[in-house]
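Notes to accompany the following structure.
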Amino acid sequence: MGRGKVELKRIENKINRQVTFSKRRLGLFKKAQELSVLCDAQVALIVSCSRGKVFDFASTNDVNEILNRYQQSCYSSQDNVAENETQNLYQEVSKLKVKYESLQRSQRHFLGEDLEKLRLKELENLEKQLDRTLSQARQRKENDLEEIHNQLKSELEEREKHSDNDNDEALIQGRPGGEPTIASRASHENISTKTRSARKC
């Protein structure tokens with residue numbers, strides 16, 4: 001009959017915990033020894049119990065020897081990583097430097113400097129590039145002017161619309177300054193005549 005599955009959690013009973021630690025530690029050391037013999041590997045194993053006692057196993061009978069090799073390997077890996085990062089940064093800086101120098105040359109050429117160093121083909125390409133740049137600048141300027149024109153036109157139409165509405169309202173209510181319009185005077189006189197006629201009757 002096989003044993004049941006052991007639940008992996010801290011053993012609360014102190015004595016049982018110590019017995020389990022001793023048995024499993026010996027089993028772990030045995031597996032480490034088998035690994036070193038079967039695979040011709042250098043194995044170092046360090047175990048510390050809850051009471052602070054330290055146990056170790058080394059296939060070479062010297063834990064420090066294997067630990068030193070481990071540290072050297074780690075430092076070597078870190079050095080390689082740092083060296084690779086440095087190399088990558090150097091390459092990136094070199095690329096940026098070349099690009100910066102190329103942009104500076106182009107800027108001088110656009111300003112008409114150092115043109116004597118250019119070949120005929122390069123001068124032709126520079127001329128075409130200048131033409132394209134000027135054409136794009138003109139197009140942008142025309143677009144900006146058209147946008148400003150449309151905006152001013154829209155504002156002017158809006159003002160004229162408000163002005164027409166104000167004039168219509170003035171005609172309905174009377175002229176500015178309180179003077180009545182012809183239509184309002186005629187209406188007022190007609191009402192006054194009818195009122196006098198009614199009084200005579």
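Would you kindly derive the ³J(HN,Hα) couplings of segment 27-44 from the backbone phi angles with the Karplus curve 6.51 cos²θ - 1.76 cosθ + 1.60 (θ = phi - 60°), listing them in order in whole Hz, with x for Gly and Pro?
Per residue, the Karplus-derived 3J(HN,Hα) values read x, 5, 5, 5, 5, 5, 5, 4, 4, 5, 6, 5, 10, 6, 10, 8, 10, 10 Hz.
Please report the Cα spread of segment 10-61 along all three principal axes, rounded to whole Å, starting with the longest.
39, 18, 14
Considering amide H positions built from the backbone, and no H for Pro or chain starts, which residues 5 or more places from Phe55, or on another chain, come under 5 Å of its amide H?
Placed amide hydrogens put Val47, Ser48, Cys49 under 5 Å from Phe55.
Test of the criteria: in segment 50-124, which GluC sites (Glu not before Pro) are in a DSSP loop and have at most 12 other Cβ atoms within 10 angstrom of their Cβ?
Glu113
For the charge dipole of segment 62-117, defined by +1 on Lys and Arg C-beta atoms and -1 on Asp and Glu C-beta atoms about the Cα centroid, which residue among Leu103, Thr86, Tyr75 has the Cα displaced farthest towards the positive pole?
Result: Leu103.
So for segment 62-117, what are the equivalent ellipsoid semi-axes in whole Å, largest first, each being the square root of 5 times an eigenvalue of the Cα gyration tensor?
52, 6, 4
Taking a cut-off of 28 Å between Cα atoms, list the lysines near Lys153, but don't count ones fewer than 8 places away on the same chain.
Lys153 reaches Lys141, Lys161.
Read-outs: derived from the displayed coordinates by stated rules, not from any lab. This is a predicted model, so every value here is computed, not measured. With ideal geometry, Cβ positions are generated from the backbone for all residues, glycine too; neighbour counts draw on all protein chains shown.
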